[in-house]
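To start, the structure under review is shown below, and the notes come after it.
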Amino acid sequence: MFKPPLDLSCARILVTNDDGINAPGLRVLERVARDFSADVWVVAPETEQSGAGHSLTLSRPLRHRHLGGQRHAVSGSPTDCVLFAIAHVLEGRKPDLVLSGVNRGGNLGEDITYSGTVAAAMEATLLGVPAIAFSQVTGALKQPVHWGTAERHAPDILRRLTSVAWPKDVFMNVNFPNQLADQTGEIRFVAQGRRESDYNLIKLTDPRGNDYYWIGPQSVGELLRQDDTDYHAIEDGAVSVTPLHVDLTHNETLRRLREALE
């Protein structure tokens with residue numbers, strides 16, 4: 001998608017996220033991007049869009065708020081933001097790179113399919129722009145988030161990944177472990193993991209006696225893949241880097257279907 005190495009000092013970089021325009025992780029990634037380039041644009045959701053996945057807003061109009069300089073908020077999903085940025089805000093010249101995050105919480109294994117952070121990187125890839133999604137793994141809700149780990153290690157990740165070429169339908173998913181920057185280990189290039197999983201549907205009752213429901217925290221089950229995956233890297237205190245593919249075709253099953261049924 002680009003002739004490596006990508007010269008980050010001259011690159012136009014679009015930064016987005018799914019935690020919203022005021023999220024601390026977005027500020028972290030914006031600082032990282034601005035350390036490389038002066039041509040950095042931020043187009044992010046007006047409000048938190050965690051779990052939005054690769055969704056487009058089709059049932060209501062999008063609202064755009066210019067926050068000054070090269071920062072913009074959009075009343076839609078992360079996918080909307082990338083589309084809006086490339087089609088409208090940056091009209092005339094596409095970004096050379098899209099950075100999504102830094103998400104509050106990991107995007108590992110099956111969570112990748114729900115993630116708006118990952119979806120923004122996917123949308124950029126579909127639009128012909130190389131993209132990297134960044135997430136900071138966290139602990140319990142009230143524990144501090146180690147944003148310094150992402151800020152310390154993201155620049156090295158960027159340099160490494162933009163020094164090699166990627167296929168046009170591949171983007172990168174990066175997770176930082178839940179520990180201090182000085183305690184973080186190596187960078188590992190690993191596969192997407194899988195766990196046995198289930199969501200807790202919590203039933204409650206409002207003051208008028210009507211039932212309502214929350215989708216609660218995901219249950220953590222046994223690992224279904226035992227080879228080196230993003231889960232294993234994070235558990236070992238390493239940074240996980242996983243190349244993801246927008247083509248969801250399972251080629252081996254496709255071959256078998258053709259042989260058996262055509």
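The values are calculated or read from the model by the stated rules, or taken from the named source; none is laboratory data. The structure presented is a predicted model; accordingly, all values stated were derived computationally and were not measured. Here Cβ is always computed from backbone atoms with ideal geometry, including for glycine, and neighbour counts include all displayed protein chains.
Here are some conditions: (1) within 25 Å of Trp147 (Cβ to Cβ); (2) surrounded by fewer than 22 Cβ atoms within 10 Å (Cβ to Cβ). Val89 meets all but one. Which one does it not meet?
(1)
Scanning the stretch 121-168 for residues that are modelled with pLDDT under 95 and among the charged types (D, E, K, R), which turns out nearest to Arg34 (Cα to Cα)?
Among them, the one singled out is Lys168.
Answer with yes or no whether Leu56 is surrounded by fewer than 20 Cβ atoms within 10 Å (Cβ to Cβ), more than 20 Å from the chain's Cα centre (by Cα) and either farther than 30 Å from Arg194 by Cβ or in contact (Cβ under 8 Å) with a residue 24 or more places away in the chain (or both).
So Leu56 does not fit the description; no.
Among the strands (runs of 3 or more DSSP E) contained in the stretch 1-84, which hold 1 or more residues that are of a type in the set (S, T, N, Q) and at pLDDT 95 or above?
Passing ranges, in order: 13-16.
Residues that are out of contact with any Cys (no Cβ under 6 Å at 6 or more places or on another chain) and in a loop (DSSP other than H, G, I, E, B): does the stretch 149-160 have at least one?
Within the stretch 149-160 (the criterion being out of contact with any Cys (no Cβ under 6 Å at 6 or more places or on another chain) and in a loop (DSSP other than H, G, I, E, B)), the answer is no, since none of the residues qualifies.
Would you pick out the residues in the stretch 53-71 that are in contact with a Phe, Trp or Tyr (Cβ under 8 Å, 6 or more places away or on another chain) and within 24 Å of Tyr114 (Cα to Cα)?
Of everything in the stretch 53-71, those that are in contact with a Phe, Trp or Tyr (Cβ under 8 Å, 6 or more places away or on another chain) and within 24 Å of Tyr114 (Cα to Cα) turn out to be Gly53, Leu62.
Out of Arg71, Arg104, Arg93, report the one residue that is under 24 Å from Phe36 (Cβ atoms), in contact with an Asp or Glu (Cβ under 6 Å, 6 or more places away or on another chain) and of a type in the set (Lys, Arg).
Only one candidate qualifies: Arg104.
Taking the condition over 9 Å from Val239 (Cα atoms) and not in a loop (DSSP other than H, G, I, E, B), does Ala165 pass?
no
Scan the stretch 35-44 residue by residue and report those that are surrounded by 16 or more Cβ atoms within 10 Å (Cβ to Cβ) and touching a residue at least 60 places away in the same chain (Cβ under 8 Å). Give the steps one after another, and end with the answer.
Pass one, the stretch 35-44, residues surrounded by 16 or more Cβ atoms within 10 Å (Cβ to Cβ): 36-37, 39-44.
Correct list: Phe36 only.
Taking the options Tyr199, Tyr213, Tyr231, name whichever one is closer than 25 Å to Arg104 by Cβ, assigned to a helix (DSSP H, G or I), touching a strand residue (DSSP E or B) at 6+ places or on another chain (Cβ under 8 Å) and modelled with pLDDT under 95.
Answer to the check: Tyr231.
Answer yes or no as to whether Gly237 is assigned to a loop (DSSP other than H, G, I, E, B) and either out of contact with any helix residue (DSSP H, G or I) (no Cβ under 8 Å at 6 or more places or on another chain) or not aromatic (Phe, Trp, Tyr) (or both).
When the stated conditions are applied, Gly237 passes them.
Tell me, please, whether a residue that is among the hydroxyl-bearing types (Ser, Thr, Tyr), buried (at least 17 other Cβ atoms within 10 Å of the Cβ) and closer than 16 Å to Ala124 by Cβ can be found in the stretch 5-21.
Looking for residues that are among the hydroxyl-bearing types (Ser, Thr, Tyr), buried (at least 17 other Cβ atoms within 10 Å of the Cβ) and closer than 16 Å to Ala124 by Cβ, one finds at least one in the stretch 5-21, hence yes.
Take Leu201 and decide whether it is without any contact (Cβ under 8 Å) to a residue 40 or more places away in the chain, closer than 18 Å to Thr149 by Cα and loosely packed, with under 15 Cβ neighbours inside 10 Å.
No; evaluated as a whole, the condition is false for this residue.
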